[in-house]
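The values are calculated or read from the model by the stated rules, or taken from the named source; none is laboratory data. Quantities reported herein were computed from a predicted structural model and do not represent experimental measurements. Neighbour counts run over all protein chains shown; Cβ positions are idealised from the backbone, glycine included.
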Amino acid sequence: MSRHERPKLATRCIHVEKPADPHGSPRTPLYDTTTFAFPSTGAILDTVEGRGGSSLYTRYGMNPTIRAVEAKLAGVEDAEAALAFASGMAAETALFLAHGREGVVCVGDAYGGTLELLAEDLPRLGIPTRFVLGPELDRLDGLLAEGGGLVFVETPTNPALEIFDIAALAERAHARGALLAVDSTFATPVNQQPLALGADAVVHSATKYLGGHSDLTAGALMGSRALLDPVWGWRKALGSAPSPETCHRLARSLGTLVVRVRQHNAAAAAVAEAMDAHPRVRRVFYPGLVSFPGHALAARQMSGFGGMLTLELDADARGTAAVADRLRLFAIAPSLGGVESLVTQPVTTTHHGLSEGELERRGISGSMLRLSVGLEDPEDLIADLEEALA
Ligand SMILES: Cc1ncc(COP(=O)(O)O)c(C=O)c1O
């Protein structure tokens, strides 16, 4: 590698900035402290006024362990800067409060918590929010003309794995003076780089693939320093910085992100193909299947198709739940992105409480099971699904 060549993603996941450890540990050291001591009031004033070091108070994110994981997160999305948060929802909330005050337009379906924040909580604070689903996308320019400083899109979506064209959305948002933020949680930075496609911000529930072991709750927001500065103020006010322990664990997880996601991709593709041929499965929602409607777009803007897929069974909601109940290797749990395979019936979890009409508009039915394909041997996972379906 020449001195000027940019290291590849797997290298950046491991080698981007670590605070110097006086003992030489190759790991990101854990500064398990709420505050930092200074030799004089003058020295603390220098730091408060931005002339000194960057360690001050952990809730501000001014802690070397938090800073180190943020440097890694920025490197992973090839962003100028990153902010870590106590959860994915904390990252979204601070983003919307900092950049969505003129209005947020949500494109497509999204995680239930995001929908609730946008549909109920932000309007209560006087922030206008609007929604356009995939088939209604021609309404977007009109909505932006009415006002709306931020377009938010999740791609692929939960649970139908709908794919949205990030470059085209960025162009439409920018033409109206709006920003585009992409929730890239399902894709991961290994499979999709929204900033390179023109998005202004990328948000992750780091609880999922970035953490990767179902043992930490965190969020991440990447973008330009100018975009993140006001978000930092909201994170400080909301007290939603992650703990140093969480960042220490997240830094460990990022080291294996590329190998984990490549295996998630391969295993999910194998499961999707096997289920596509199964007589009790009506449809498989997986962007890697050539027959999937979003495949061509996904192949263009993603370099891998991810570890998430959704099955629509030839069964009613009760029969579908019974299949989930019979699975032995897929645990019934509402999260995703960990080493262990998980299954959820979206109508009982992420999309619980939506009216029949709203579910139909979003293409979600009781016959769907969403799978987070873990790192077990895919042959065992397929055998488990086939037994439960038999
Ligand atoms: C796509 C997506 N975005 C955001 C979130 C919120 O993340 P967190 O649970 O870390 O707050 C989730 C949680 O499931 C999610 O699936």
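Here are the numbers for the structure shown:
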| item | result |
| --- | --- |
| Filtered residue count, segment 110-149, keeping only those that are more than 16 Å from the ligand (Cβ to nearest atom) and touching a His at 6+ places or on another chain (Cβ under 8 Å) | 1 |
| Restricting segment 316-343 to residues that are without any contact (Cβ under 8 Å) to a residue 40 or more places away in the chain and of a type in the set (Val, Ile, Thr), the residue that is farthest from Val281 (Cα to Cα) | Ile332 |
| Criterion violated by Ala173 - all others in (1) surrounded by fewer than 24 Cβ atoms within 10 Å (Cβ to Cβ); (2) at pLDDT 95 or above; (3) over 19 Å from the mean Cα position of the chain (by Cα); (4) more than 16 Å from the ligand (Cβ to nearest atom) satisfied | (1) |
| Qualifying position, being out of contact with any Pro (no Cβ under 7 Å at 6 or more places or on another chain) and away from the ligand (no atom under 16 Å from the Cβ), among His213, His248 | His248 |
| Every pair of residues 6+ apart whose Cβ atoms lie under 8 Å, when the first sits in segment 41-52 and is closer than 20 Å to Pro64 by Cβ while the second is among the small types (Gly, Ala, Ser) and part of a helix (DSSP H, G or I) | Gly52/Ala43 |
| Count - residues of segment 71-86 that are in a helix (DSSP H, G or I) and crowded, with 24+ Cβ neighbours inside 10 Å | 3 |
| Sole residue being away from the ligand (no atom under 16 Å from the Cβ) and either modelled with pLDDT of 95 or more or not polar (S, T, N, Q) (or both), chosen from Ala160, Ala168 | Ala168 |
| Boolean, Gly288 is closer than 19 Å to Phe186 by Cβ, surrounded by 19 or more Cβ atoms within 10 Å (Cβ to Cβ) and within 15 Å of the ligand (Cβ to nearest atom) | no |
| Filter result for Asp377 (more than 24 Å from the chain's Cα centre (by Cα) and under 26 Å from Gly108 (Cα atoms)) | no |
| Whichever residue in segment 123-139 is farther than 19 Å from Ile163 by Cα and touching a helix residue (DSSP H, G or I) at 6+ places or on another chain (Cβ under 6 Å) and, among such residues, is surrounded by the most Cβ atoms within 10 Å (Cβ to Cβ) | Thr129 |
| Of all residues making up segment 180-210, the number that are of a type in the set (S, T, N, Q) and away from the ligand (no atom under 16 Å from the Cβ) | 1 |
| Residue match in segment 50-68 (condition: more than 14 Å from the ligand (Cβ to nearest atom), farther than 28 Å from Asn158 by Cα and part of a strand (DSSP E or B)) | yes |
| Counted residues, segment 87-107 - those being among the small types (Gly, Ala, Ser), more than 9 Å from the ligand (Cβ to nearest atom) and either in a loop (DSSP other than H, G, I, E, B) or crowded, with 24+ Cβ neighbours inside 10 Å (or both) | 3 |
| Residue selected from segment 10-49 under the condition of a type in the set (Asp, Glu) and part of a loop (DSSP other than H, G, I, E, B), by the criterion farthest from Lys236 (Cα to Cα) | Asp21 |
| Residue that is assigned to a strand (DSSP E or B) and farther than 23 Å from Gly233 by Cβ, where the choices are Arg172, Arg130, Arg139 | Arg130 |
| Wholly within segment 315-390, helices (runs of 4 or more DSSP H) carrying at least 3 residues that are away from the ligand (no atom under 16 Å from the Cβ), modelled with pLDDT of 95 or more and not acidic (Asp, Glu) | 317-326, 378-389 |
| Test: residue in segment 275-282 that is more than 14 Å from the chain's Cα centre (by Cα), closer than 30 Å to Ser365 by Cα, modelled with pLDDT of 95 or more and part of a helix (DSSP H, G or I) | yes |
| Segment 291-328: number of residues that are surrounded by fewer than 16 Cβ atoms within 10 Å (Cβ to Cβ) and of a type outside the set (Asp, Glu) | 12 |
